[in-house]
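The values are calculated or read from the model by the stated rules, or taken from the named source; none is laboratory data. What you are looking at is a predicted structure, and each value in this text was computed from that prediction instead of being measured. Don't worry about glycine lacking a Cβ; one is built from the backbone with ideal geometry, like all the others, and counts go over all protein chains shown. What goes into the accessible areas is simple: the full protein's heavy atoms, side chains included, and nothing from ligands, DNA or RNA. Shrake-Rupley method; radii C 1.70, N 1.55, O 1.52, S 1.80 Å.
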Amino acid sequence: MAACFLFVFDFDETLIAENSDDSVIRAAPLQKLPTSLIEHRCPGSFLEYSQRIMTFLNKSGATEDAIRAAIEQIPSSPGIAAILDFLLARDDFECVIISDANSYFIETWLGHIGAHKLFTKVFTNPSEFDTNGCLILRPFHSHSCPKCPKNMCKQVILRDYMSKRVKEQGEPFQNVFYMGDGENDICPTLALGQNDTVFPRRDFQMHKIIQDLHKTQPGVYKPAIVPWERGEDVVDFLKKAL
């Protein structure tokens, strides 16, 4: 049976309770970054900042094992297990991750919690260890969206995926559900319609921006909004809605 519903997850501070860039610093000898590196963090260049962290870790002697252990230790966000269990028990959902983290972090974490089988696709920045043991991150794609970081526009990814699945399934998803927390989760959700639902993490950046949009540009943001603090909030909504 073709899936009726698409569920899109962000990774950092959505599936996981932390930002993976901050978490991986636990692999460093002193478990902190030099001030000079932190001061050069620029909005819109998350990937370059992440690469500087990986280069610093490598020069500090952090091994792949230490990095893997730091990623495996990241706790999931409150109640995420409840959502994953709910979705695993159903056959009418297709689940994907769209994240500006990287493939090594996400694959490692999903493998550790045993959640790989739930996700049809993971869209993120490719990464691999080079011969010196440094994790090298590459941009996911290039795009022309002025609102997004140059390595990733989540709306382009979501639109492309949905149109590809229409061609393969012969019909669009009945509803799309999107769960996120950050500013870069706004752009993809602007492509959704009034039959779709967005779960912004309560009082995080995404939630605040949506509230501002409702005030300043009424009608521009079309999907239904269900803020969440725990995964159970999302499960409760889905049980009622479906």
**Complete:** For the chain, dividing by residue count, accessible area per residue (probe 1.4 Å) in Å² works out to 48
**Prompt:** Between residue 159 and residue 91, what FRET efficiency comes out of the Förster formula 1/(1 + (r/R0)^6) with R0 = 35 Å and r the beta carbon distance, rounded to 0.05?
**Reply:** 0.90
**Rg/Rh for region 60-200, where both radii come from Cα atoms and Rh is the Kirkwood radius** = 0.98
**Request:** Would you mind calculating the relative contact order of region 87-201 from Cα pairs under 8 angstrom and at least 6 residues apart, reporting the percent as a whole number?
**Result:** 18
**Message:** Antiparallel versus total DSSP beta bridges in the chain: what percent is that, nearest 5?
**Reply:** 15
**Complete:** Among 147/167; 32/150; 121/154, the pairs whose Cα-Cα distance exceeds 18 Å are 147/167; 32/150
**Prompt:** Dipole of the chain, Cα-centred, from +1 at each Lys and Arg C-beta and -1 at each Asp and Glu C-beta, to the nearest 20 debye?
**Reply:** 480
**Message:** Give me the base-10 log of I(q)/I(0) for region 83-159 at each q in 0.11, 0.21 Å⁻¹, Debye formula, one uniform scatterer per Cα, rounded to two decimals.
**Reply:** -0.36, -0.99
**Message:** What distance in nm lies between label points placed 7 Å from Cα along the C-beta direction at residue 211 and residue 232?
**Reply:** 2.3
**Prompt:** Quick one: helix 231-241 against the long Cα principal axis of the chain, what's the angle to the nearest 10°, folded into 0 to 90?
**Reply:** 20
**Item:** Carbon and sulfur %, accessible surface of the chain computed with the full protein complex present, 1.4 Å
**Value:** 51
**Item:** Cα centroid separation, region 140-164 to region 104-137 (Å)
**Value:** 20
